[in-house]
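The values are calculated or read from the model by the stated rules, or taken from the named source; none is laboratory data. Keep in mind it's a predicted model, so treat the numbers as computed, not measured. Using ideal geometry, Cβ is built from the backbone for each residue, glycine included, and neighbour counts are taken over all protein chains shown. Note: accessible area is taken over every heavy atom of the protein model, side chains too, but ligands, DNA and RNA are not part of it. Shrake-Rupley method; radii C 1.70, N 1.55, O 1.52, S 1.80 Å.
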Amino acid sequence: MDEIGLFPLGIVLLPTERVPLHVFEPRYKELVGECLEQDREFGLVYADDDGIREVGTLARITEVLERFDDGRLNIVVEGGNRFRVETVTRGRSFLTAAVSPVHDAGARPDPETAARAAGSFRALAAVAGVETEEIDESSPELSFELAAQVELPAEAKQQLL
């Protein structure tokens, strides 16, 4: 088990998904600063009035868009592997946890199923008149890559995660 810093937010980050974040709280400025300095990931977990969820996504900072004089940051993160919170730990200004990786059970879909899913997604996007990113039908993360291109409610994304 690894111990990582957690960033609880009202959003869900899917593997392969990229999202912008505005970091302004001192404890999260500290967490993000350490991750930038040490080229480390942090855990993004969905949090609401019911608390934090036990499954989250490792987030890697891919771009620093802006640094403000007061230490605030605008960054872009990309979702990596999923993890399960085993134990919340203490001792830092930000939340930390001992986590374990989440692995998918079962086989990958066959190429025909993946091609059908990608084709259906492209057709839906065409009907909706929206631009989509290139789809790699052989990707082991195809379901996440497709879902990351659609605006879904946080609870639905958490279920997928």
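Check 112, 155, 134 and return the single one that is surrounded by fewer than 18 Cβ atoms within 10 Å (Cβ to Cβ), more than 24 Å from residue 56 (Cβ to Cβ), at pLDDT 85 or above and not basic (Lys, Arg).
Selected residue: 112, the only one of 112, 155, 134 that is surrounded by fewer than 18 Cβ atoms within 10 Å (Cβ to Cβ), more than 24 Å from residue 56 (Cβ to Cβ), at pLDDT 85 or above and not basic (Lys, Arg).
Return a yes/no flag: does region 142-154 have any residue that is among the charged types (D, E, K, R), closer than 22 Å to residue 81 by Cβ and out of contact with any strand residue (DSSP E or B) (no Cβ under 7 Å at 6 or more places or on another chain).
Scanning region 142-154, I find at least one residue that is among the charged types (D, E, K, R), closer than 22 Å to residue 81 by Cβ and out of contact with any strand residue (DSSP E or B) (no Cβ under 7 Å at 6 or more places or on another chain), so the answer is yes.
Tell me whether region 25-40 contains one or more residues that are touching a helix residue (DSSP H, G or I) at 6+ places or on another chain (Cβ under 8 Å) and free of Cβ contacts under 8 Å to residues at least 60 places away in the same chain.
Yes; the residues of region 25-40 include at least one that is touching a helix residue (DSSP H, G or I) at 6+ places or on another chain (Cβ under 8 Å) and free of Cβ contacts under 8 Å to residues at least 60 places away in the same chain.
When you scan region 74-82, do you find a residue that is surrounded by 15 or more Cβ atoms within 10 Å (Cβ to Cβ), in contact with a strand residue (DSSP E or B) (Cβ under 6 Å, 6 or more places away or on another chain), part of a strand (DSSP E or B) and among the small types (Gly, Ala, Ser), even just one?
Taking every residue of region 74-82 in turn, at least one turns out to be surrounded by 15 or more Cβ atoms within 10 Å (Cβ to Cβ), in contact with a strand residue (DSSP E or B) (Cβ under 6 Å, 6 or more places away or on another chain), part of a strand (DSSP E or B) and among the small types (Gly, Ala, Ser).
Take the residues in region 1-24 that are open to solvent by 60 Å² or more (accessible area, probe 1.4 Å) and assigned to a loop (DSSP other than H, G, I, E, B); name whichever of them is nearest to residue 146 (Cα to Cα).
Ranking the qualifying residues of region 1-24, first place goes to 11.
Contact list please: Cβ distance under 9 Å, first residue in region 108-125 and hydrophobic (A, V, I, L, M, F, W, C), second residue in a loop (DSSP other than H, G, I, E, B) and open to solvent by 100 Å² or more (accessible area, probe 1.4 Å), pairs at least six apart or on different chains.
From region 108-125, the pairs are 114/108; 125/131.
Residue-by-condition table, conditions (1) closer than 19 Å to residue 157 by Cα; (2) in a helix (DSSP H, G or I); (3) out of contact with any Pro (no Cβ under 8 Å at 6 or more places or on another chain):
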{"position": "34", "(1), (2), (3)": "no, yes, yes"}
{"position": "43", "(1), (2), (3)": "yes, no, yes"}
{"position": "57", "(1), (2), (3)": "yes, no, no"}
{"position": "62", "(1), (2), (3)": "no, no, yes"}
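Somewhere in region 40-62, is a residue open to solvent by 40 Å² or more (accessible area, probe 1.4 Å), more than 26 Å from residue 160 (Cβ to Cβ) and not basic (Lys, Arg)?
Looking for residues that are open to solvent by 40 Å² or more (accessible area, probe 1.4 Å), more than 26 Å from residue 160 (Cβ to Cβ) and not basic (Lys, Arg), one finds none in region 40-62, hence no.
Could you list all residues from region 25-45 that are within 24 Å of residue 151 (Cα to Cα) and of a type in the set (Gly, Ala, Ser)?
43, the sole residue that qualifies.
Could you identify the single residue in 88, 127, 102, 150 that is open to solvent by 80 Å² or more (accessible area, probe 1.4 Å) and of a type in the set (A, V, I, L, M, F, W, C)?
127 is the lone residue from the list that is open to solvent by 80 Å² or more (accessible area, probe 1.4 Å) and of a type in the set (A, V, I, L, M, F, W, C).
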